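Student: Can you keep this structure in mind? I'll have questions shortly.
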Amino acid sequence: RAGNERLDAFHEDRTDLAAALGYRVFREIFVYVGGFYLQAEPSRSGDFEAPSKVNDLGGASLELNLRMADYYSYFDEGLNVRAQHRQGFIGRNANQSRALVQVSHRTFGDQSFILTLQYLRAAGDSLIDAQRLGAQVGTRGFVPQGLWASQIGTASLEYQIPLYHFSFGTWTANGFCDTGRFLWNGDTTNFMTPGLGTRFYLNNVAIPALGFDVAYSEYNG
């Protein structure tokens, strides 16, 4: 788009298959080795023509996880680190790297904060160069698949306040702010996304069973 004018459009069906085997090296360190396969099928949208289909992409993946967190009340308190690299061998010599660091800690009573740092970089193939982000931690405030980037770094700070502890779970209210910088087609853009949300955690499960966020993005080139 250029302002409100649509310059180009197309649909794309994307398949991303991955499998890995993991090994626990130490108490907190896990290593996963596996493979992946990516396929994209573009099709036209309205009066716009579809781009040419790119070659399918396949290759190997390596992931390292560091988990130094313990379950407390409704969330995992501590440090989690995840790093992943995908290297293409079938199709083109493409690669993609991701890194995530997450720190969570209780504050007053069982209120908590979560700090999440993320970095993503992709190169060598249009199948993975165009990272389609949005509506997730770090890029909330953008529609799903609405933020395209070849490199992106984000920082997200979230504060959770339990509203009620049920016998089967916990309901929380959340305030958050996502910030970041992304690179796309040689242009660098900064953004900041404040917002509010709510979560529902089942007992002994640190991943929300249900969540809802409302956010607004401010960005500049």
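The values are calculated or read from the model by the stated rules, or taken from the named source; none is laboratory data. Every value quoted in this text rests on a predicted model; they were computed, and no experiment measured them. Neighbour counts are summed over all protein chains in view; Cβ atoms, including those assigned to glycine, are modelled from backbone coordinates with ideal geometry. Accessible surface areas use protein heavy atoms only, side chains included; no ligands, DNA or RNA. Shrake-Rupley method; radii C 1.70, N 1.55, O 1.52, S 1.80 Å.
Student: Among the residues of the stretch 172-194, count how many are in contact (Cβ under 8 Å) with a residue 40 or more places away in the chain and charged (D, E, K, R).
Tutor: The number of residues fulfilling the criteria is 1.
Student: Which residue out of Arg92, Arg44, Arg67, Arg98 is closer than 17 Å to Ala206 by Cα, open to solvent by 30 Å² or more (accessible area, probe 1.4 Å) and charged (D, E, K, R)?
Tutor: Arg67
Student: Filter the stretch 158-196 down to residues that are among the acidic types (Asp, Glu) and buried (at least 16 other Cβ atoms within 10 Å of the Cβ) and give me whichever is nearest to Leu117 (Cα to Cα).
Tutor: Pass one, the stretch 158-196, residues among the acidic types (Asp, Glu): 158, 178, 187.
With buried (at least 16 other Cβ atoms within 10 Å of the Cβ) added as a condition, the list becomes 158, 178.
Working: Glu158: 12, Asp178: 10 Å.
Selected residue: Asp178.
Student: Just checking, how many residues over the stretch 195-220 are part of a strand (DSSP E or B), among the small types (Gly, Ala, Ser) and touching a residue at least 60 places away in the same chain (Cβ under 8 Å)?
Tutor: Residues that pass the stated criteria total 1.
Student: In the list Ala20, Ala40, which residue meets the criterion of being among the small types (Gly, Ala, Ser) and at pLDDT 95 or above? Steps first, answer last, please.
Tutor: On the way: Ala40 fails: at pLDDT 95 or above.
Exactly one residue qualifies, and that residue is Ala20.
Student: Further, regarding this structure: When residues of the stretch 4-46 are filtered for being farther than 28 Å from Asn93 by Cβ and acidic (Asp, Glu), how many remain?
Tutor: Looking only at that region, the number is 2.
Student: Taking into account only those residues within the stretch 120-142 that are part of a strand (DSSP E or B) and of a type in the set (Gly, Ala, Ser), which is surrounded by the fewest Cβ atoms within 10 Å (Cβ to Cβ)?
Tutor: Ala123
Student: Oh, and also: Any chance the stretch 76-86 includes a residue that's aliphatic (A, V, I, L, M), closer than 21 Å to Val214 by Cα, open to solvent by 30 Å² or more (accessible area, probe 1.4 Å) and touching a residue at least 24 places away in the same chain (Cβ under 8 Å)?
Tutor: no
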